[in-house]
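Everything below concerns the one structure shown next.
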Amino acid sequence: MLADMESFFASVEVVKDPSLRGKPVAVCGDPERRHGVVLAATKEAKAYGIKTGMVAGECARLCPGIVFVRPHMQDYINVSLKITEILGTFTDRIAPYSIDEQFLDMTGCQKLFGPPEKMAGLIIKKVKEETGINCRVGIGENPLQAKMACDRFAKKNKDGFFRLSHENYAYYTWPLPIRDLFGVGFRMERNFFNIGIRTIGHLAALPREDLKRRWGVNGEVLWLNAHGIDYSTIEPWGDAKGSRKSVGHSVTLPRDYRTREEIQIVLLEITEEVCRRARKLGKVGRVVNVYCRGADFELTTGFSKQIRMSEPTAITMDVYANVLKIFNAYWDCRPVRALGVALSGLMDFREIQLSLVDQKEKKIAFSKAMDYIRNRHGLTSLFRLSSLAPGGLLFDRANKIGGHEA
């Protein structure tokens with residue numbers, strides 16, 4: 001199953017302040033600045049066309065009576081952890097997917113709670129009673145089916161749950177537009193449109209090998225998704241930590257960043273944070289990915305590209321050199337609104353080969369010293385001079401959670 005909380009941030013705010021109930025509410029930052037990008041909206045606000053990612057000015061134009069609420073990230077974290085505890089009364093096999101979505105493996109729980117639909121109803125009821133949050137549940141024979149059932153059907157079902165299986169997957173999903181398939185983004189949708197694929201069924205009808213030949217592993221995975229096939233399993237969160245596959249960090253910028261110099265400052269700050277997290281885990285990475293989203297919310301632009309580094313590392317400036325290589329190769333010089341960096345292909349730090357030629361040992365020692373000082377005295381106790389330049393976000397975000405006030 002996939003348990004998803006309805007308009008999570010907005011729902012938490014409504015529970016905290018019942019006077020907001022029934023009103024069009026949008027959770028965002030300071031509407032006077034960019035920080036007015038919507039993080040969540042109530043169903044009353046969505047009825048006016050308000051969407052996540054929309055700027056405050058556009059929201060006010062669509063809905064003059066909209067109520068803006070500043071985000072309180074610590075409250076959302078606390079409620080999310082409470083929901084995890086509630087779900088833990090049904091199964092010990094829980095894997096958080098995001099702050100408001102959690103996968104549950106309910107295999108063998110029928111003898112305790114009844115058939116899947118009854119289990120889903122019990123989960124929805126208990127979450128509502130103990131937190132005041134509306135929960136929707138997707139049911140499937142694998143995580144993909146549960147995700148598709150939740151996102152495409154349970155959210156529109158008055159009961160709050162929906163069940164997909166290998167028997168009915170094609171009937172319900174194949175008529176859906178191709179963008180509704182899990183894993184299909186704006187660019188892939190455009191690629192599919194160019195070869196006449198408009199629905200999930202169109203994709204499912206193509207030979208698997210053709211998709212693999214054209215788009216590699218990603219094409220094959222999307223073909224499997226179109227057929228409801230998913231070989232992944234639900235690993236409890238605690239068990240998954242030791243086999244973590246990547247470390248990443250991303251930010252939504254406080255305004256449109258237009259110059260290469262400003263963007264590179266933020267990329268360095270993000271890379272620093274990613275490498276710090278990797279070192280904290282005792283890991284180094286082989287592959288670096290850079291994500292960049294354009295400032296136009298109506299027409300999605302940007303890229304997500306990765307390269308394999310010559311050797312695994314978690315040294316900031318070594319990773320940053322590759323980050324710049326990717327960014328300079330793919331940035332279209334249009335204004336940017338979001339940036340991200342991820343390090344994957346992780347391996348244990350003790351497995352890397354040291355070298356005296358490039359002073360790797362000195363770099364590692366320097367990184368550890370910086371980490372030690374920051375861990376004791378805070379992220380801003382030791383910083384790169386570039387963070388003081390226009391565009392730097394380190395000091396603005398240092399005491400925030402998820403980029404927002406706690």
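Quick check: the distance between the Cα centres of the range 34-110 and the range 184-200, to the nearest angstrom? Between the Cα centre of the range 34-110 and that of the range 184-200, the gap is 28 Å.
Loop-only GluC sites (Glu not before Pro) in the range 136-195, please: DSSP not H, G, I, E or B, and at most 12 other Cβ atoms within 10 Å. Write out the running numbers ahead of the final one.
On the way: sites: Glu141, Glu167, Glu189; in loops: Glu141, Glu167.
For GluC sites (Glu not before Pro) across the range 136-195 that sit outside H, G, I, E and B with at most 12 neighbouring Cβ atoms in 10 Å, the list reads Glu167.
The ranking of Leu393, Leu164 by Cβ neighbour count inside 10 Å, starting from the fewest, reads Leu393, Leu164.
Beyond 24 Å in Cα-Cα separation lie the following of the pairs Lys245/Lys305; Lys82/Lys280; Lys16/Lys128; Lys212/Lys325; Lys155/Lys305: Lys82/Lys280; Lys212/Lys325; Lys155/Lys305.
Do any trypsin sites (Lys or Arg not before Pro) in the range 146-252 lie in a loop, going by DSSP, with at most 13 other beta-carbon atoms within 10 Å of their beta carbon, and if so which? Mind dumping the intermediate values first?
On the way: sites: Lys147, Arg152, Lys155, Lys156, Lys158, Arg163, Arg179, Arg187, Arg190, Arg198, Arg208, Lys212, Arg213, Arg214, Lys241, Arg244, Lys245; in loops: Lys158, Arg198, Arg244, Lys245.
Hits after loop and neighbour filter: Lys158, Arg198, Arg244, Lys245.
What the Cα convex hull of the chain gives, in volume per residue, is 166 Å³. When only Cα pairs under 8 Å and 6 or more residues apart are kept, what is the percent relative contact order across the range 7-73? Normalised by residue count, the contact order of the range 7-73 is 35 percent.
Using DSSP to define loop residues, name the trypsin sites (Lys or Arg not before Pro) in the range 25-111 whose beta-carbon has at most 15 other beta-carbon atoms within 10 Å. Don't skip to the answer; put the middle values down first.
Details: sites: Arg33, Arg34, Lys43, Lys46, Lys51, Arg61, Lys82, Arg93, Lys111; in loops: Arg33, Lys51, Arg93.
Loop-located and lightly packed - Arg33, Lys51.
Taking every DSSP beta bridge that has both ends in the chain, the antiparallel portion is near 90%.
Each of Asp230, Asp180 was scored by other Cβ atoms within 10 Å of its Cβ. Arranged with the fewest first, they read Asp180, Asp230.
Shape verdict for the range 90-169, please, from the Cα gyration tensor: rounded (a/c under 1.5), prolate (a/b greater than b/c) or oblate. Walk me through the intermediate numbers first.
Numbers: a/c = 1.31, a/b = 1.13, b/c = 1.17.
In terms of gyration-tensor shape, rounded.
Taken together, the values in this text are just the output of simple stated rules run on the coordinates, not laboratory data. Note that the structure is a prediction, hence the values are computed from the model and not measured. Every residue, glycine among them, receives a Cβ derived from its backbone with ideal geometry; neighbour counts consider all protein chains shown.
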